[in-house]
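Have a look at the structure below before the remarks.
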Amino acid sequence: MTQVTLDKIHALCKRRGFVFQSASIYGGLNGVYDFGHLGVLMKNNIRNEWTKSINTSFDDILSFEGSILGSSAVWQASGHVENFTDPMVDCLNCKHRFRADEIDLNKACPNCGQKKWTQARQFNLMFKTQLGAMEDDSSVAYLRPETAQSIFINFKNVLSTYRVKIPFGISQIGKAFRNEITPKQFLFRTREFEQMEIEWFCKPETALDDFKKWCDARKKFYESLSLNQNKIRFRAHDKTELAHYSKCTSDVEYEFPFGWKEIEGIAYRGDFDLSQHSKFSGKDLAVFDEETKQSYIPHVVECSVGVDRLFLTLLFDAYNEDIVEGEERIVLKLSPKIAPIKAAFFPLVKKLNEPMETIYKEIKAKGYSVEFDESGSIGKRYRRQDEIGTPLCFTYDFDSLQDDKVTVRNRDTTQQERISIDAIEEYIKKVLK
Ligand code: ATP
């Protein structure tokens, strides 16, 4: 059994250029990360799979991209200015800062061993900024701490410009920012991250049923990513955990080495958001029901997952160490749909570069994410691809000159077989399915 740790994942991400600490040449920016080539490819795959799953789960899902800068009025109405806080304490001795709900204040500071706590106080997690040159209250804006509110405030814009009827959904992928008191566990809790959210607007009568349907759809999504299903669970919030406006909420949780943690929240939010924005903006956000001839505020089911947190989850789930031909290897057994590189092409020796490069270029021109690698022993090239999760490696050898066949090697089983050069694309397609 592989012991997968945060350190191993972090080191792999850095070594292979998936993720870098932001501003590392200046000592690093805490809780902020940059993504390299493989990280970007993998994130794109995550976004694509999410979008596909959302659009095939339900009819009438519209796309949306809201601004990151949000007017102060929006966050007043949503309750974030007042309530989007975490409790914070400081150690008076070493000046370390902690989330008060995450440590035992009856004990000494875990950093310096002294017990000299300040009073716990609420810290707002939103990044505040100023629009324009005037520094007064009227110019205050916030970087959005979640993508959802931009959907709610545009609900009527979308409804009146696109021919949809309740129920329908608005989906969005975009950045969110939270000034987390203690960013930690690498990509798990960062200050700048990306969310994939769907807000599903429905009639109050169908909302509970729709909530269940969304839970089923989200379960299928996690199955489709080939995540170890023993490490995924849906946990319903009990009454004490529920937000005051939510009738039911379920967290999708994954079992990390540091415990079961939320990767997605699915919440039935009632009519809270649209009602708040109706009240604060003075604009009527109700819709007219042709059947009952009455106006009502639609209810909302929300599914919200972090791209970066899911990225980390997929790496944890895929990370394996095993022994191949007496040599230790690290292998990411990522779903081929998520793997940044789908196939690698190797000439056995440099003399054979030309025919293999021609094959590689043909496959690349068809839109596949593939790599050509001519350097080092074949064994070394396999290890490199295993470590970044490439499902297939094709090798062109001297026999290929005669029989027009290549050897294909499977990442997970390390089994090899010979296939015709003409069959390469079909082979890749089959694996991607
Ligand atoms: P947590 O309790 O872990 O802080 P949350 O309940 O505040 O999460 P939501 O507001 O429900 O999170 O956000 C939805 C999703 O956005 C989370 O399930 C997670 O995947 C992602 N997310 C939230 N905060 C962060 C963060 N600081 N860093 C990375 N991803 C985050």
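The values are calculated or read from the model by the stated rules, or taken from the named source; none is laboratory data. The structure displayed is predicted, hence computed values, not measured ones. Here the Cβ positions follow ideal geometry from the backbone for every residue, glycine too, while neighbour counts run over all protein chains shown. Keep in mind that these areas ignore ligands, DNA and RNA; they rest on the heavy atoms of the full protein, side chains included. Shrake-Rupley method; radii C 1.70, N 1.55, O 1.52, S 1.80 Å.
Here are the numbers for the structure shown:
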| quantity | calculated |
| --- | --- |
| Radius, Kirkwood style, for segment 297-353 when every pair of distinct Cα atoms is counted (Å) | 15.3 Å |
| Value of D in µm² per second that Stokes-Einstein yields for segment 35-175, Kirkwood Rh from Cα pairs, at 4 °C (1.567 mPa s) | 68 µm²/s |
| Estimated 222 nm signal from helices in the chain, with DSSP H stretches of n ≥ 4 weighted -39500 (n - 2.57), rounded to 500 | -9000 deg cm²/dmol |
| Separation between Cα centres of segment 77-139 and segment 1-58, rounded to whole Å | 27 Å |
| Rounded to whole Hz, the Karplus (6.51, -1.76, 1.60) HN-Hα couplings of segment 163-178, x for glycine and proline | 7, 10, 10, 4, x, 8, x, 10, 10, 8, 10, x, 6, 9, 9, 9 |
| Kirkwood hydrodynamic radius of segment 115-200, Cα pairs, Å | 16.0 Å |
| Those lysines that a straight Cα-Cα span of less than 27 Å connects to residue 107, excepting residues fewer than 8 apart in one chain | 95, 115, 116, 184, 261 |
| Rounded to 5, percent antiparallel among DSSP beta bridges of segment 341-432 | 55 percent |
| Cα-Cα pairs of segment 341-432 separated by more than 15 Å (percent) | 53 percent |
| Local electrostatic count at residue 205 - Lys and Arg +1, Asp and Glu -1, tallied over other residues with Cβ under 12 Å | -3 |
| For residue 297, net neighbour charge (Lys/Arg +1, Asp/Glu -1) across residues whose Cβ lies under 13 Å away | +1 |
| Ellipsoid semi-axes in whole angstrom, largest first, where each is sqrt(5λ) of the Cα gyration tensor of the chain | 44, 29, 20 |
| The chain: DSSP helices with Cα axial extent of at least 15 Å and average Kyte-Doolittle hydropathy no lower than 0.0 | 307-318 |
| Convex hull of segment 46-88 built on C-alpha atoms - directionally averaged projected area, nm² | 5.5 nm² |
| Neighbourhood net charge (14 Å Cβ-Cβ; Lys/Arg +1, Asp/Glu -1) for residue 121 | -1 |
| Under 22 Å from residue 293, Cα to Cα: lysines that are on another chain or at least 8 residues apart | 156, 165, 203, 283 |
| Inverse of mean 1/r across different Cα pairs in segment 165-300, Kirkwood, Å | 17.1 Å |
| Segment 61-184, relative contact order [Cα under 8 Å, separation at least 6], % | 36 percent |
| Normalised convex hull volume, segment 85-124, alpha-carbon set, Å³ per residue | 55 Å³ |
| Solvent-accessible area, 1.4 Å probe, carbon plus sulfur percent, for the chain | 49 percent |
| Accessible area of the chain divided out per residue, in Å², using a probe of 1.4 angstrom | 50 Å² |
